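The values are calculated or read from the model by the stated rules, or taken from the named source; none is laboratory data. Computed from a prediction, not measured in an experiment: that's the story for all the values here. Glycine gets a Cβ as well: all are built from the backbone with ideal geometry, and neighbour counts include every protein chain shown.
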Amino acid sequence: MVEAKRHSGGEGLSFLMVGGGPGAFIGAVHKAAVDLLGRARLVGGCFSQSFDKSKAQGKLWSIAPDRVYPTYAQMLTQEAARPDRPDFVTIVTPNNTHYPVAKMALEKGFHVVCDKPLCLTVKEASDLVATARQKRLEFLVTYTYVGYPMVRQAREMVKRGDLGDLRLVIAEYAQDWLADQPKDNKQAGWRTDPKVSGLAGCMGDIGTHAESLASFITDLSPVSLLANLDTFVKGRKLDDNGFVWLKYPRGIKGSIWASQVAVGKENGLTIRLFGTKGGLEWQQENPNLLYFMPKGKPVELLTRAQGYLHPHAGRYTRLPTGHPEGLFEAFANLYDGFISTIIAKRKGTKPSDFDLFPNVGDGARGVKFIHALIKSNKNKNTWVTLDK
Ligand SMILES: NC(=O)c1ccc[n+]([C@@H]2O[C@H](COP(=O)([O-])OP(=O)(O)OC[C@H]3O[C@@H](n4cnc5c(N)ncnc54)[C@H](O)[C@@H]3O)[C@@H](O)[C@H]2O)c1
């Protein structure tokens with residue numbers, strides 16, 4: 001088994017959270033991932049729009065009562081003035097609040113972690129890129145799947161030419177939880193409301209994960225796309241299924257199918273890459289495995305934590321072979337790269353090549369992807385160029 005790099009902890013980083021209140025989905029995953037990492041401590045939050053709910057969450061997480069706030073604006077203002085001000089702010093609210101919270105956090109000098117999609121408009125995305133750059137602050141966008149060790153392995157294999165010249169990048173993300181409109185489901189409610197979710201439904205929620213995964217493994221951004229979106233559930237205002245064709249540089253072609261009405265599929269994110277010398281396949285529901293299909297040879301099954309893997313995969317593994325790792329570890333790996341980069345900055349050193357994480361630029365690419373596919377669909381499925 002490969003030896004993962006261990007951190008001693010005790011680096012003294014602390015953070016605030018916006019969102020993640022009682023009954024919320026992803027806030028608790030972020031908290032658990034950072035706890036697993038042991039490199040930062042949650043010290044304050046505005047976990048809900050309801051102050052009572054926020055206080056209940058703070059109590060559950062043993063946050064000092066005077067550091068639980070009724071509004072994020074009050075929290076960012078007061079926490080920024082503390083002599084022991086926290087290092088970063090994690091934003092885990094629905095999509096329409098990402099921009100104002102992230103903008104204010106950057107302006108107050110905090111590094112930022114924001115869940116996907118980064119924000120609602122290209123203008124907002126460009127502004128966040130410019131603000132983070134101007135303030136010299138780090139910004140992690142939690143495209144979860146980029147954090148898996150076998151995804152890091154896939155990226156390194158593509159990079160070192162194991163697949164030969166890359167030709168095809170095929171991703172699909174199929175779920176079924178919105179095959180009907182669930183009643184009394186908070187997560188479903190806002191995800192199907194354009195005012196909160198943004199211009200896209202399924203494509204914004206999970207299509208962007210597939211896009212980020214393809215871009216991360218290939219280290220390429222799409223140049224243009226053609227999209228066809230569907231809304232199968234009656235009365236729904238946003239897409240719940242869609243197909244996208246993509247052109248990457250060097251004549252590489254790609255496609256993404258994303259669906260939340262694919263009955264029988266739970267969280268079926270799969271990516272396949274094919275080059276002149278071989279192919280690769282990774283499935284999120286079996287994330288510790290990676291299939292390599294070399295031309296004219298038997299299929300190889302690579303497994304997590306083995307000594308034959310690239311150091312980039314070994315570095316982000318915790319448990320020995322055969323002990324499955326999953327979503328929490330993937331989130332922790334994203335935070336690991338982000339925190340290492342903050343610490344390197346603090347010490348005036350350069351972050352290491354291992355400290356890879358999706359940043360605000362990747363988040364902005366995701367927002368442009370959403371806007372381009374909406375435009376293509378509206379223009380009767382024509383090709384749309386993605387702005388740099
Ligand atoms: N990376 C991933 O794999 C992943 C998975 C799920 C969700 N997400 C993203 O995370 C975000 C949250 O999704 P979720 O499913 O956890 O949503 P959720 O509805 O379960 O939780 C949102 C929380 O934010 C709180 N909130 C809303 N507005 C607020 C405000 N102004 N101030 C303070 N708190 C506020 C709500 O009260 C709630 O507690 C979304 O952007 C979503 O796309 C990412």
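I need the full set of residues from the stretch 155-199 which are assigned to a helix (DSSP H, G or I), touching a residue at least 12 places away in the same chain (Cβ under 8 Å) and closer than 26 Å to residue 260 by Cα, in order please.
We begin by selecting, within the stretch 155-199, every residue assigned to a helix (DSSP H, G or I); these are 155-159, 186-191, 194-197.
Subsequent filtering for residues that are touching a residue at least 12 places away in the same chain (Cβ under 8 Å) retains 155-159, 186-187, 190-191, 194-197.
Residues satisfying the conditions are 186, 187, 190, 191, 194, 195, 196, 197.
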I'd like to verify a number: residues in the stretch 71-94 that are of a type in the set (A, V, I, L, M) and either in contact (Cβ under 8 Å) with a residue 60 or more places away in the chain or surrounded by 24 or more Cβ atoms within 10 Å (Cβ to Cβ) (or both), how many? 5
Residue count, the stretch 223-240 (criterion: more than 16 Å from residue 176 (Cβ to Cβ) and touching a residue at least 60 places away in the same chain (Cβ under 8 Å)): 7
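Collect the residues in the stretch 42-56 that are touching a helix residue (DSSP H, G or I) at 6+ places or on another chain (Cβ under 8 Å) and in contact (Cβ under 8 Å) with a residue 24 or more places away in the chain, keeping them in residue-number order.
Just the residues of the stretch 42-56 that are touching a helix residue (DSSP H, G or I) at 6+ places or on another chain (Cβ under 8 Å), to begin with: 42-48, 55.
42, 43, 44, 45, 46, 47, 48, listed by residue number.
If we scan the stretch 60-73, do we find a residue that is closer than 16 Å to residue 23 by Cα, in a loop (DSSP other than H, G, I, E, B), touching a Lys or Arg at 6+ places or on another chain (Cβ under 9 Å) and aromatic (Phe, Trp, Tyr)? Write out each step before concluding.
So in the stretch 60-73, the residues closer than 16 Å to residue 23 by Cα come out as 60-61.
Checking which are in a loop (DSSP other than H, G, I, E, B) leaves us with 61.
This time we only want the ones that are touching a Lys or Arg at 6+ places or on another chain (Cβ under 9 Å), so: 61.
If we keep only those that are aromatic (Phe, Trp, Tyr) as well, we get 61.
Within the stretch 60-73, one or more residues are closer than 16 Å to residue 23 by Cα, in a loop (DSSP other than H, G, I, E, B), touching a Lys or Arg at 6+ places or on another chain (Cβ under 9 Å) and aromatic (Phe, Trp, Tyr).
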Between a residue in the stretch 17-34 that is basic (Lys, Arg) and any residue that is outside any helix (DSSP H, G or I), which pairs come within a Cβ distance under 6 Å, given they are 6 or more apart or on different chains? 31/42
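When you go through 24, 28 one by one, which is the residue that is part of a loop (DSSP other than H, G, I, E, B), within 9 Å of the ligand (Cβ to nearest atom) and not hydroxyl-bearing (Ser, Thr, Tyr)? Let's see the steps before the verdict.
Details: 28 fails: part of a loop (DSSP other than H, G, I, E, B).
Result of the check over 24, 28: 24.
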With (1) out of contact with any Asp or Glu (no Cβ under 6 Å at 6 or more places or on another chain); (2) away from the ligand (no atom under 11 Å from the Cβ); (3) at pLDDT 95 or above as the list, and residue 33 as the residue in question, which single condition is left unmet? (2)
Checked 90, 97 against criteria (part of a helix (DSSP H, G or I), within 12 Å of the ligand (Cβ to nearest atom) and either among the polar types (S, T, N, Q) or not assigned by TED's automatic domain parsing to the domain that holds residue 31 (or both)); the one match is 97
